[in-house]
Each structure stands twice: as C-alpha cells, then as structure tokens.
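The block underneath contains the structure these notes are about, expressed in structure tokens.
The values are calculated or read from the model by the stated rules, or taken from the named source; none is laboratory data. What you see is a predicted model, and the numbers here were worked out from it, not measured in a lab. All Cβ positions, even for glycine, are placed from backbone atoms using ideal geometry, and neighbour counts span all protein chains on display. SASA here: full protein model, heavy atoms, side chains in, ligands and nucleic acids out. Shrake-Rupley method; radii C 1.70, N 1.55, O 1.52, S 1.80 Å.
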Amino acid sequence: MSQSSSRSTDFDAIPARLRGDVRRLGTLLGKVIEDARGSDFVAKIEQIRALAKKARFHPEADWSELTQVLAELESDDVVDIVRAFNQFLNLANLAEQKQSGLYQFGELSNDWERLYRLRGDTLSDDLERTRIELVLTAHPTEVLRRTLIRKYDHMVQALHDTDDAVLERLISEAWHTDEIRRTKPTPLDEAQWGFNVIENSLWHALPRLMRQLDRHLELHGKPPLAPTCMPFHFASWMGGDRDGNPNVTAEISENVLTIARERAARNFLRELDGLVESLSMSQCTAKLVERTGDANEPYRHVLAQVQRYLRLLIRDDQHDSTRDDVRLNADRDLIEPLVACYESLCECGLEVIARGPLLDSIRRACCFGTRLVDLDIRQHSQKHNLVLDELTTYLDESDSTYAHWNEEERLQFLTKELESKRPLLPAKWVPSDEAAEVLRTFELTARFSGSGVSNYIISMAATPTDVLAVVLLLRASGLQNPVQVVPLFETLDDLNNAASMLNSLLNIQVYREYLRRLDDTQQVMIGYSDSAKDAGQFAAAWAQYRAQESLKRIAISHGVKLELFHGRGGAIGRGGGPTHEAILAQPPGTVDGTLRLTEQGEMIRFKLGTPDTAIETLARYLFATVEATHTMRSGDDLSLRSIVEKLADQSVAEYREVVNHAGFVGLFNELTPEQELSDLAIGSRPNRRNTKTEDIRSLRAIPWIFAWTQVRLMLPAWCGTSSVLKNLADDPELTKRMMKWPFLRMQIELLEVMLAKADPSLVNYYATRLAVNKDRNQLLQRLLDDFEESTINMCRLRETEALLQEQPEVRESLLVRNTYLDPLHLMQSELLSRFRGDDQTDAAEIEKALKVTMAGIASGLRNTG
C-alpha cells in the first residue's frame, strides 16, 4: 500500500503473472488512504505490515511486538486499520480475477485441441448432447456488499487500461463505502443479485463462448454448431430454498418467478430493438412470406410479433389492447420465429447477416428463455410429513396418524391415494399456518411447473415415502406438467443407503408411471456439505463416490436415466476444488453427458462475476464434462477400494471421536466467532436449522466451515485424516498406486492446500487471547498435535520438504496474503475479547471492526464457506 522500496520483497514473492497488477493496485490504495487519513496513518499501516512479516518468518512466530502495537491503537483508528488490510486482500483477488479472464482464446485453444484429439469428428455431436446446468445459490459465504461487488467488477475492467485515473477513482469509491451491510438481505434481494449476475455477465459471456467454439470447429474444417445447440442452462435456489429459512414463502417465490420473467422479457425486447434495426432487408424465402403475408421487410414483421408476445410478460405494460387474446407459449414463441429468420437468411445467401447479432439472440433464447432462470424449490421432508400428519388426524381422530406410522403403513396410504380418483384434501379441512404455507408452495409449484419451476428438492430424503409424499401433494395441488422430484442424500447413512432407497422407489408402480412422464429420467442430489460435517471430509468423499456408483447401477437395472445433481460449495469441506479435476474424478460412467451442480456464495462472483471469468468457467465445465463422458477408464482396482474402505472407516471414527468429545462444542463456541458471525448481515437464512439448540448437528455446514476458517484451524478439511495420511506415508508403493486414481489424487491435493492454509501459531494466539477453558485447551492441543502429525505425513507421502512445494505459485501467493491476514487475525482476537467482555464503552466501533475482520479474512483465504 505504501510506495516504499521496502515493499519490493513482498511484491517479488507474488507470482509473476500477478505482480504488476498487485503493485499497481496496492500503490493506488496507499495513495487513496493517504489522501483520506494522512501520511502518518499510512506509515502506521506499513509498520503493522512489516511487523506481521517479521513475525511470520520468525522460527517461533513471535507475535509479541505486533501485539503491543495493535494494543496501543486508538479505537478511532482500529476500524480503518482493519479496513486497509481488508481492502488490499480484496484488490489482490481482483488481480487474480483479471488474470483468470486472460484464459480466453489461448488456453481455450489448448483445451480444445486436446478434446479434439480425444473425440475427433464426433465432437460436434458430443456438444449437441451435452447439458450443463449451474444452479446459483445464496448460501451465506459472500461477505461483500453488492455495492462493492459492482465496484470491484468495474475495477477488473479498469485494470486493462493503462490510465490510472478511473482505477484510482473506483478504489477511492470503495474506500469511502461501508463494507458491512447494516441489515440482512431478504430472499428477494438475493434473487435480484442472482439476476444481475446473469444479465451483467452470463448474458454476454454465453454467445462469446459459443462463437469461440464455432471458430475452433471451422479451423478443423467442420461446420459451426447449430444455432439452437445450447449445452448451458442455469437455475437458482435464491427465493426457492425454504429449508430452514422461514423468510422464503410461496409469496416470495412467486414474486421471484414474476420478476425473472419480466427481466427476461425486457432483456429480449432490447435485443429485438437492435435486430429490428439491422434486419431491414426484404430478400427472404417463400416460407417466410407465407408466414408473414408481407414480402416487404418480412423480418421486421416477424420480430414485431415476437415483441408483442414479450410485452405480455411485463405486468405493468398496458399499451397492448389485445393482451388477453395472446399468450406466449413457453419459449417456443420466442425461439421459433428467430430461427425462422435465421434459416431464411441462410437460404437466401445472407449467412453473414444470419450469423451476426441474430445468432447471439437465438442462443440466449435457448439458454435463458422467457424465464431468465429456472427456480428450484427445496423443502425439508419433515414439512411434508407435518401436512400429512395433520391431514390424517383430521380424517381419523384415533392416535394412529401419519407421524406414527412405519414405512410400510405410509407406503400403503400414499399408494392408495395416488391410485384414487377422489380429491386428497377435504374442502372443510383447515390446516395449521405452517402446513398451509407448505401447501401454498405446492400450489405454486403446480402452477409454474414447466414455466419457471423444474425441480422440487427434498432435504433429508431417507425413504421412498419421502418422495411419494411430494408426488401426492403435487397432484393434490393440481399439477399438470410433471417436475423432477429430487431426493437429497446428505448424511453418511443416507449416502450409504441411497441405492437401496432408489431401488425400492423404482419398484413402486405408481411412481414409475409418474417417472414415465419425465422420459424415465430420475434426478438425485448428492449433498457434500452436511455429509462432510457428519462424517469428516475423507469418509464423506468416499461415501459420495460409492453412492454415485451404486445409484448408477440401480438406475441402469430399472431402465432409468440417472442425472446426478452435485451440491458442491466453495470450501474443501463442502466439495470445492478445481473444476476440471473434480469432474474427471467422478466415478466412471456417472457423468454421461450431463452435469448439474451448485455454484454457491462467493464462488459465483469469483467464477461467474464477469464475462471473461464466466467464459473460462463455462469452458472448463464443458470440456471436462465431454472428457469425463468419453474417456475410457477401467473400473477401479478392487484391492485399492478395499484399502480406501478401511481408511474411510478409520477416518470417520477418528472424526466423530473429536466432534462428540464432551468439551468440543464448548471449544468451538469459545475459540471461533461463530456466535458473532450470526450478527454479520450476510444471507437471509439463519445459521442454525434449530435456533433453540447449541449442538453441532443443528449448525449449518456453511457457518461451521466459515467459523473454523476465521481462526485458521481449517478443522473440517483435515480432521479425521491423520490415520489416512500415516497409512499412506508408511507405504510408498501403495501411495504411488493410489495417486494414479483420480479420486484419491484429488482428495490428497485438496487436503494439502488446506493444511497449508491452517496456522497453529494463530490458533494458539486466539486460544490465549480468548482465555479458552483449561480442559478445552487440552483438547485443542490434542487437535494441533494431530494437525502437526498430518502435516508431517503429508510431506512424507508427497516426498517433499514442505507443503505445496510442487505448487510454488499457490504457496507464494499464500505467503504474501499472510502478511495482510496476520494483523486481521490478531486484531480479530483482540476485538472478540473486548466484544465478549463487560466493558461495552466502544461496543459499536468494536462490532463494526470485528465484522470487517471477518470479511477481510474471508476475502484473503477465499473458499471460506
């Protein structure tokens, strides 16, 4: 941030590809802060940074000198000191984001050539059959305000310009903007943010990527992709995920669907205004003349008709007097006229015009349609059981009601009702408010099925009746167009029993009849977050792998096409990791041309936030999906599988011994800022499913990981792996065989990164400053011993002297970030101590500074939740 030459060693450690941008951003930030607070203040920041660097490279990580300086800070200065380090880390992320965007044609060409060598002349057909659907979710990991996100997006663009004026202005705007939200966003706010990502980034990225694919095909003498070929689709949970979030209601979901439809219509109306201007020619086919009845400017005639249809989707548009007589038939009345214009132009020898903006509009229409984005509805299985229990209580006043029935009794009831022609819900029945809200959601799903809602996700689905209950309630709500009813398997037991559950479900005749209306396609969701919290990362990853294999076998045996939906997060403990490697590490045969997965929280901004980064992300997903589908991989070595099975059993036992320890919850509450995190206005959903309990089971996986990350223990990523790493390190030959297996290689590589991000010296600093209870501190020291042993064994099995030795750029980037993270950690521990203390003199300033430290640490480490 300072312009001092003493900074040169810091910048030299930054990977070369980032060095210039980071230096430029840091210098401008220092200038902005100096203008705002003066040179003495900047000098204080530089002193803290230098002391942090000195302590970081001290053999014993001596924080005493830095602690003394921080303790002497005036309370008025604390917030801005914290903000300065926070801002630098955010700007460093922008440099990485810009470099990521430079992927584009160069690296894309390399990936394309590799894929072309693999598939050759069949590649065009492969792309036609590929379907990738990214589901945007609003999980509370994006700590930045939307206002700042927009400014940072503009900064990435300004980095391409050599003139510093715009960049300095944007950095100044960010510095003078409050980083912390005053109120939690509503589900509607979250949905609007998702729409903005689509309109500001994906809307522009998608046709650019498709044109790049066309160019590569043409370079090999192949025709471009068909105008309606669209491998990419998008859905959202924002405004649809009501599991544990009472703020998401049927009314909210309907508002989200309506707003999405209107925004789609307005976007396409703007597109069509441009097309009407450009398609002024009269030369067309007889087929188009027949369609319009007018040979004079027929293209404009067709487009005007589409414009008229689109205006009907905008509720405040009143100028079309025939709106009651015209209905838009889903996406067909948008896509089909555009394709008709395209085909006419091509047949008339005007292909150069056809393949201009018109082609981009067709591709956007095939991807986003008149809905902009589909909405998934998610609800907990207990809510459906509540409705059916109230209903059976009303129908039969005896004690034997749905809640008390066993699985066989429930199955008999549901099957009988699904086969019956009489209405399920009595006209005089008055459900409770909670049950009535669940029923309103089913009514909404039935009304919007096929025109905005495509999936109904069931959290904690453990039995066939959990799925049948949803099918029955959908039918009772007037469902006409079937939606996918998707069981979500998210605990270790559920994953282990997933295949048996699916087999039983597919043996039920009434359900198979429902599935036939969906072309015998069954979607199943694999939950990464809760299974890792339940069993530990390693055991959960193995259970997810085995579940996918067994689910695929069951589906094949029933003649059903299986689509797997991956509920992955950004953090390692939630299924995160490099995209390409993660897809190729899936069990052989399970990708099969389709990929559906979540993009969550801050990862939406990092991976899809600008058109350039979105092109990179989408290209990687596309190439990896095609490669995983068509790369011939033999089955896994049975001897290795049996070894991993034993290692997973040891791992889950080791993990649960820790989290079930009598002092563990107390340690978690004392050491981490989880309770203070609930005050950070990040997402609309509460941190806990059950706010009346304090145990780990009620805590959501996202704040669970976020909290451990704040204190740099990274426990969810490595707890339970000590025995795994020791067994592998003790047998080098076994390790060599194991590391050839994509699944295990990815697990080990991700684990190494998380071990490198953890820092025992900082963990101990928190424990000391927060005066962790003596008995709980003994548990902590045992955990740190396990961590130390895991680190040693990781280096042994990797045959290196230090972590990340084979990934020098990642290691160097982390070392530089630590210089700015360390002061934030030390200040956070000090602020937590004050915040929890009796003296609340400066409570407001302390709380604000504390929240900024959380945001800064999250930005610096990334993948925090």
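Values for this structure:
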| item | result |
| --- | --- |
| Thr258 vs. criteria β-branched (Val, Ile, Thr) and either out of contact with any Asp or Glu (no Cβ under 7 Å at 6 or more places or on another chain) or without any contact (Cβ under 8 Å) to a residue 40 or more places away in the chain (or both) | yes |
| Odd one out for Ala446, checked against (1) at pLDDT below 95; (2) surrounded by fewer than 21 Cβ atoms within 10 Å (Cβ to Cβ) | (1) |
| Output for the range 150-176, where each listed residue is touching a Lys or Arg at 6+ places or on another chain (Cβ under 7 Å) and within 16 Å of Ser859 (Cβ to Cβ) | Val156, Ala174 |
| Number of the condition not met by Asp519 [criteria: (1) open to solvent by 10 Å² or more (accessible area, probe 1.4 Å); (2) closer than 30 Å to Leu751 by Cα; (3) modelled with pLDDT of 95 or more] | (2) |
| From the options Asp519, Asp530, residue that is in contact with a helix residue (DSSP H, G or I) (Cβ under 8 Å, 6 or more places away or on another chain), touching a residue at least 24 places away in the same chain (Cβ under 8 Å) and of a type in the set (Asp, Glu) | Asp530 |
| Test: Arg311 is closer than 25 Å to Leu345 by Cα, at pLDDT 65 or above and not hydroxyl-bearing (Ser, Thr, Tyr) | no |
| All positions within the range 424-445 that are over 30 Å from Ala499 (Cβ atoms), in contact with a helix residue (DSSP H, G or I) (Cβ under 8 Å, 6 or more places away or on another chain), assigned to a helix (DSSP H, G or I) and among the hydrophobic types (A, V, I, L, M, F, W, C) | Ala435, Leu439, Leu444 |
| Check on Arg697, basic (Lys, Arg), modelled with pLDDT of 95 or more and within 26 Å of the chain's Cα centre (by Cα) | no |
| The one condition in (1) of a type in the set (D, E, K, R); (2) modelled with pLDDT under 85; (3) open to solvent by less than 40 Å² (accessible area, probe 1.4 Å) that Arg798 fails to fulfil | (2) |
| Residue pairs meeting the criteria (Cβ under 8 Å; at least 6 apart or on separate chains; first more than 9 Å from Val524 (Cα to Cα), in the range 482-494; second among the charged types (D, E, K, R) and part of a loop (DSSP other than H, G, I, E, B)) | Pro482/Arg517 |
| For Ile14: the one exception among (1) touching an Asp or Glu at 6+ places or on another chain (Cβ under 8 Å); (2) open to solvent by 30 Å² or more (accessible area, probe 1.4 Å); (3) at pLDDT below 95 | (2) |
| Unique residue being aliphatic (A, V, I, L, M), assigned to a helix (DSSP H, G or I) and more than 23 Å from the chain's Cα centre (by Cα) when the list is Leu495, Leu479, Leu515 | Leu515 |
| Leading residue by the ranking (farthest from Leu562 (Cα to Cα)) among those in the range 497-516 that are in contact (Cβ under 8 Å) with a residue 24 or more places away in the chain and small (Gly, Ala, Ser) | Ser504 |
| The range 829-865, subset more than 30 Å from Glu96 (Cβ to Cβ) and of a type in the set (Val, Ile, Thr), residue most open to solvent (accessible area, probe 1.4 Å) | Thr841 |
| Sole residue being at pLDDT below 95, under 21 Å from the mean Cα position of the chain (by Cα) and buried (at least 21 other Cβ atoms within 10 Å of the Cβ), chosen from Val197, Val248, Val256 | Val197 |
| Which listed residue, of Arg776, Arg796, Arg811, Arg817, is touching a residue at least 12 places away in the same chain (Cβ under 8 Å) and out of contact with any helix residue (DSSP H, G or I) (no Cβ under 6 Å at 6 or more places or on another chain) | Arg811 |
| Helices (runs of 4 or more DSSP H) enclosed by the range 115-190 - at least 1 residues per element that are open to solvent by 60 Å² or more (accessible area, probe 1.4 Å) and under 30 Å from Ala226 (Cα atoms) | 123-129 |
| Options Ser454, Ser477, Ser459: the member that is within 25 Å of Phe234 (Cα to Cα), open to solvent by 10 Å² or more (accessible area, probe 1.4 Å) and of a type in the set (Ser, Thr, Tyr) | Ser454 |
| Output for the range 388-415, where each listed residue is part of a helix (DSSP H, G or I) and without any contact (Cβ under 8 Å) to a residue 40 or more places away in the chain | Asp389, Thr392, Thr393, Tyr394, Leu395, Tyr402, Ala403, His404, Glu408, Glu409, Gln412, Phe413 |
| Filtered residue count, the range 446-455, keeping only those that are part of a helix (DSSP H, G or I) and more than 15 Å from Val471 (Cα to Cα) | 1 |
| Verdict on Arg291 being of a type in the set (D, E, K, R) and open to solvent by 60 Å² or more (accessible area, probe 1.4 Å) | yes |
| Top-ranked residue in the range 573-623 [being free of Cβ contacts under 8 Å to residues at least 60 places away in the same chain and among the charged types (D, E, K, R); ranked as most open to solvent (accessible area, probe 1.4 Å)] | Asp592 |
| Residue list for the range 739-798, filter: outside any helix (DSSP H, G or I), of a type outside the set (Asp, Glu) and closer than 27 Å to Leu66 by Cα | Ala758, Leu770, Ala771, Val772, Asn773 |
| Filter result (of a type outside the set (Phe, Trp, Tyr), under 25 Å from Asp243 (Cα atoms), assigned to a helix (DSSP H, G or I) and in contact (Cβ under 8 Å) with a residue 40 or more places away in the chain) within the range 698-716 | Ala701, Ile702, Pro703, Ile705, Thr709, Pro716 |
| Set Arg355, Arg371, Arg364: member being open to solvent by 10 Å² or more (accessible area, probe 1.4 Å) and under 17 Å from Thr445 (Cβ atoms) | Arg371 |
| Selection from the range 80-99 of residues that are open to solvent by 10 Å² or more (accessible area, probe 1.4 Å) and over 26 Å from the mean Cα position of the chain (by Cα) | Asp80, Arg83 |
| Failed item in (1) without any contact (Cβ under 8 Å) to a residue 60 or more places away in the chain; (2) open to solvent by 30 Å² or more (accessible area, probe 1.4 Å); (3) farther than 30 Å from Gln212 by Cα, with Glu419 passing the rest | (1) |
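Quick grid of which residues meet (1) at pLDDT 95 or above; (2) within 20 Å of Asn777 (Cβ to Cβ):
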| site | (1), (2) |
| --- | --- |
| Val652 | yes, no |
| Tyr655 | yes, no |
| Gly663 | no, yes |
| Gly666 | no, yes |
| Glu674 | no, yes |
| Ala681 | no, no |
| Pro686 | no, no |
| Lys692 | no, no |
| Pro703 | no, no |
